[in-house]
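Right, one structure below, let's go through it.
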Amino acid sequence: MIVVYVETVGGVVAEVSLEAVAFARTLAAAGGGIPVDAVVCGPLGDAGPKELAEAGVRTVLHADAGEFDVFSGAAHARAVLAAREQTRAVVLMGGGTNRGNDVMARVATELDVAMAANVVAFEGLSPFTVTRQVVGGAALEEVRLGSRPAVFSVAGHAVEATPAETAGPATLTPLAVTLEPGDLTVRAVSVEAVDTEAAGNLKSARVVVGAGRGAGGPEGFGDALELAELLGGQLGVSRVVTSLGWRPHHEQVGQTGSRISPEVYIPCGISGAIQHWAGCASSKVILAVNTDADAPMMTKATYAVVGDMHEVVPAVNEEIRRR
Ligand code: FAD
């Protein structure tokens with residue numbers, strides 16, 4: 001049995017969890033058709049069981065007591081452990097998000113087994129071998145999980161969330177979970193939805209103009225925004241920019257933001273830290289603008305302009321408008 005910890009946002013199954021279920025199907029097939037079950041904690045909309053069934057899930061184990069209305073890593077880990085007790089699963093897995101890694105690490109600790117985070121490929125069952133991302137996605141590492149159950153998380157976008165070729169209806173079964181004192185001590189107090197449509201536009205944009213700390217402040221993005229508009233593209237920013245509250249999170253590119261693969265990426269005032277690079281490395285052409293010729297983004301770029309973005313970008317905009 002394979003059990004997948006499924007995340008939901010407002011009762012809707014997260015894309016990363018459907019990816020994890022698609023990944024689980026590969027394992028299931030390699031194991032001769034091992035059933036795939038899912039654990040869902042908290043509210044689940046009517047479409048959830050159908051969507052999970054289409055992804056290949058056989059049984060949805062639902063922990064829907066009031067304690068699960070908000071996220072708590074410890075409580076959700078208890079639910080996965082309860083599912084493991086019930087199913088005797090040999091594989092426990094989730095999506096490689098902050099929450100998925102939090103939950104699966106707690107599960108592994110309770111079971112005293114190893115955990116592999118951010119797995120991108122399944123290599124074989126015996127020995128149980130997977131490839132995972134390390135160093136913020138800059139390198140890949142093959143690891144063997146010798147203990148049972150095998151516990152791991154699947155990196156976002158490692159596989160596509162495709163429907164199963166053959167899928168029946170999934171059974172929705174209540175999951176009884178006994179929480180321990182302290183399980184709800186650390187829990188989410190508020191959740192702010194990101195603009196997923198805008199983030200989707202960024203991911204699929206053919207041109208992305210990037211702006212980082214070099215923008216200098218919240219008022220420093222006008223020229224980059226104008227360039228993006230002139231080229232029919234989108235603005236993407238570094239994490240420093242979103243952490244400082246200069247721009248919204250849905251515009252962030254990188255390991256903890258959107259992964260982009262445009263025809264042209266124009267990062268301005270972005271140093272090119274590996275966590276940012278993890279999100280833009282698939283860009284076909286990179287044209288970097290930076291005052292520091294030795295910044296990693298400049299050395300990796302297809303074309304590099306050494307200069308102040310507040311001089312270079314307006315000049316480019318003017319030239320485009322003139323034509
Ligand atoms: P800096 O590194 O400070 O670089 C600013 C650059 O601007 C410098 O190269 C400088 O020479 C140049 N500059 C300054 N002024 C100008 C000017 N006027 N004109 C032109 N150039 C100028 N980062 C991300 O971006 N995305 C992520 O998803 C992400 N996830 C992370 C996850 C983890 C777990 C961790 C630890 C970090 C993560 N980071 C991420 C942060 C990352 O490590 C860097 O701190 C961040 O990318 C740096 O942003 P920056 O390039 O804008 O700023």
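For this structure, a couple of remarks:
- Probe 1.4 Å - accessible area at Arg132, Å² to nearest ten: 60 Å²
- Electrostatic tally near Ala116: other residues with Cβ closer than 13 Å to its Cβ, Lys and Arg +1, Asp and Glu -1, net -1.
- P(r) tail fraction, the range 44-122 - alpha-carbon pairs more than 21 Å apart, %: 33 percent
- Around the amide H of Leu172, modelled in the peptide plane, lie the amide H atoms of Val60, all under 5 Å away and 5 or more residues distant in sequence or on another chain.
- Using every pair of separate Cα atoms, the Kirkwood estimate puts the hydrodynamic radius of the chain at 21.1 angstrom.
- Other-chain or far-sequence residues with amide H under 5 Å of Gly31's (modelled H): none
- Length released on extending from Ser190 to Ser204, taking residue separation times 0.36 nm less the Cα-Cα span: 2.1 nm
- Averaged over residues, the count of other Cβ atoms within 10 Å places the peptides 172-184, 113-125 in the sequence 113-125, 172-184, highest first.
- Rg/Rh ratio calculated on Cα atoms of the range 164-323 (Kirkwood radius): 1.15
- Put a dot 7 Å past the Cα of Arg148, heading toward its Cβ, do the same for Ser243, and the two dots end up 4.3 nm apart.
- For the range 120-129, putting each phi into the Karplus relation 6.51 cos²θ - 1.76 cosθ + 1.60 with θ = phi - 60° gives couplings of 10, 8, 9, 9, x, 7, 10, x, 5, 10 Hz, in residue order, rounded to whole numbers and with x for Gly and Pro.
- For the range 164-323, the relative contact order comes to 20 percent (Cα pairs under 8 Å, sequence separation of at least 6).
- Nonlocal amide H pairs with Val91, under 5 Å, H built at 1.01 Å: Val3, Ala150
- Size of the range 161-252 from its Cα atoms: along the principal axes, largest to smallest, the extents are 55, 42, 14 Å.
- Set of lysines with alpha-carbon distance to Lys203 below 23 Å, sequence-local pairs under 8 removed: Lys284, Lys300
- By accessible area with a 1.4 Å probe, ligands and nucleic acids excluded, highest first: order of Asp64, Asp112: Asp112, Asp64
The values are calculated or read from the model by the stated rules, or taken from the named source; none is laboratory data. Just so you know, these numbers come straight off a predicted model, no measurement behind them. Glycine gets a Cβ as well: all are built from the backbone with ideal geometry, and neighbour counts include every protein chain shown. Accessible surface areas use protein heavy atoms only, side chains included; no ligands, DNA or RNA. Shrake-Rupley method; radii C 1.70, N 1.55, O 1.52, S 1.80 Å.
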